[in-house]
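Visitor: Would you mind keeping the following structure in view while I ask a few things?
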Amino acid sequence: MADGKLYFVWGGVFTDGAWTELEPNTEECYGPFHDPKVADRVWNEKARRNIDIAMHRLFVLTVDRPGKAAA
């Protein structure tokens, strides 16, 4: 938490190979996490559950904590 960041795992089943459009009702979001290692572990666990769905992707997103100045 000392780095002033929050981490989210976000994604779903995409309709295109550019990963810009989600299929309806497939969006997933987990977090916030204060530790990037925890976010990476959740990403790994959730992504493995849907490894057989070719267009399923999850991403770890990093955002500044509200009220914190950007570094």
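Visitor: Looking at region 1-19 only, could you name the residues that are hydroxyl-bearing (Ser, Thr, Tyr) and either closer than 12 Å to Phe59 by Cα or under 13 Å from the mean Cα position of the chain (by Cα) (or both)?
Guide: Tyr7
Visitor: Does region 12-34 hold any residues that are surrounded by 14 or more Cβ atoms within 10 Å (Cβ to Cβ), without any contact (Cβ under 8 Å) to a residue 40 or more places away in the chain and on the phi < 0 side of the Ramachandran plot, and which are they?
Guide: Leu22, Thr26, Glu28, Tyr30, Pro32, Phe33, His34
Visitor: Can you name every residue in region 20-42 that is acidic (Asp, Glu) and farther than 10 Å from Val60 by Cβ?
Guide: Across region 20-42, the qualifying residues are Glu21, Glu23, Glu27, Glu28, Asp35.
Read the figures in this text as sums done on the coordinates, not as results from a lab. Just so it is clear, the structure is predicted and the values come from calculations on it, not from any experiment. Virtual Cβ from ideal backbone geometry, glycine too; neighbours counted across all protein chains shown.
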